[in-house]
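Bear in mind that the values in this text are calculations on the coordinates, not laboratory data. Since we're looking at a predicted model, the values are computed, not measured. FYI the Cβ positions are ideal-geometry reconstructions off the backbone, even for glycines, and counts take in every protein chain you see.
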Amino acid sequence: MLMQAQVDQEEKPKVIGYVYYGYRTLDERFFMKIAKNKNVKLIIFNLFKKIDLKKVRKKAKSCDLFFVNSGEEKALKFVKYLESLDCRVIESLKSYYHDENKWALYLKCKKNHIPTPKTIILPKEINSALNKLEKVNRWPIVLKRIYGCQGDFVDKANNLEEAEQLIKKFNSKSKSTHPIIAQNFISSPSYRVLVIDGKIVQTALKKKGFWKKTGVYTKDFKKFKVTPTLKKIINKISKVSGIRICGIDLLKKNGRWYVLELNSSPCLAFFDNEREMLVEKIMNFLVKEIDKKVVG
């Protein structure tokens, strides 16, 4: 009887809640395919559709773990709700607010001697913010909200007048106002490193196009070699960050690397021929996390 119970436990599928926003992409197709191959039951939550919280609460009870593949503000609210139900979520709300927060990241990099563009945080009151920028008098600068998704609320100002227009634009684009940082502009290609559970699994160099070289603004990618110096930086920022599945954006000027941003819902679409491989690595990590809890 004991042996049969052990067999039943082994055969019982793990259950993962998969959260995304919008239309189904290759990510969703691969997650469903790989989940089936690994005897994992995937419960899909599309936040683009109307969500019935009573149904969510019922389904959440059967989930061993939730994986959130969206950085939308609606996804953050959903994670907050899931955590109020004591659900285990990757990435947690703490990871977003304390590790992906662009101002918190700057302070963390500074504390741990990780190179990053010089950054100041601006007062919320616009005249005070402009006075602070006028005193610094360093142009061009990049203005960013401390939270953003896919390059939203990020723009470059060449002078104080442009900075004023951008701050007003940021504040008018959203009902909620978040602090804004001003960052030294570094003219550089953008280097993306994808890390899963402390391991570098992909690199993507975004070189051509608009000055803002996030995935939204360029489609021309190629791989780049991770040097020993860069690997040390990646290992260090991975350790001080709480983000387990992390897209790290870096800049490079005069041979020196700078950590720019961390992304807890990183894009997997830089190279279509690697997308399924990345999804499988994420799934392996999620299954391992579930097993850890069972053993613990």
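With N denoting the number of residues in the stretch 118-184, provide Rg(C-alpha) divided by 2.2 N^0.38 Å, to two decimal places.
0.98
Kindly provide the Kirkwood hydrodynamic radius of the stretch 217-286 in Å, to one decimal, from all pairs of distinct alpha carbon atoms.
Answer for the stretch 217-286: a Kirkwood hydrodynamic radius of 13.8 Å.
Using Cα pairs closer than 8 Å and at least 6 residues apart in sequence, work out the relative contact order for the stretch 11-136, in percent.
23
Give me the distance in nm between label points sitting 7 Å out from Cα along the Cα-to-Cβ direction at ASN235 and LYS80, one decimal.
3.8
How much length, in nm to one decimal, is gained on full extension between LEU26 and LYS124, taken as 0.36 nm per residue of separation minus their Cα-Cα distance?
31.3 nm
What residue among LYS74, LYS168, LYS135 has the largest mean-square fluctuation in a Gaussian network model of the chain, using Cα springs under 10 Å?
Of the options given, LYS135 has the highest mean-square fluctuation.
Among LYS49, LYS222, which comes first, then next, by fewest other beta-carbon atoms within 10 Å?
LYS49, LYS222
Quick one: if the Förster radius is 45 Å, what FRET efficiency do LYS55 and ASN137 give, using the C-beta to C-beta distance and rounding to 0.05?
Computed FRET efficiency for LYS55 and ASN137 comes out at 0.25.
Taking the alpha-carbon set of the chain, what are its Rg and Dmax in Å?
20.8, 77
How do THR116, THR227 rank when sorted from fewest to most other Cβ atoms within 10 Å of their own Cβ?
Ordered by Cβ neighbours within 10 Å, fewest first: THR227, THR116.
For the chain, modelled as a GNM with alpha-carbon contacts under 10 angstrom, which of GLY71, GLY198, GLY255 fluctuates the most?
GLY255
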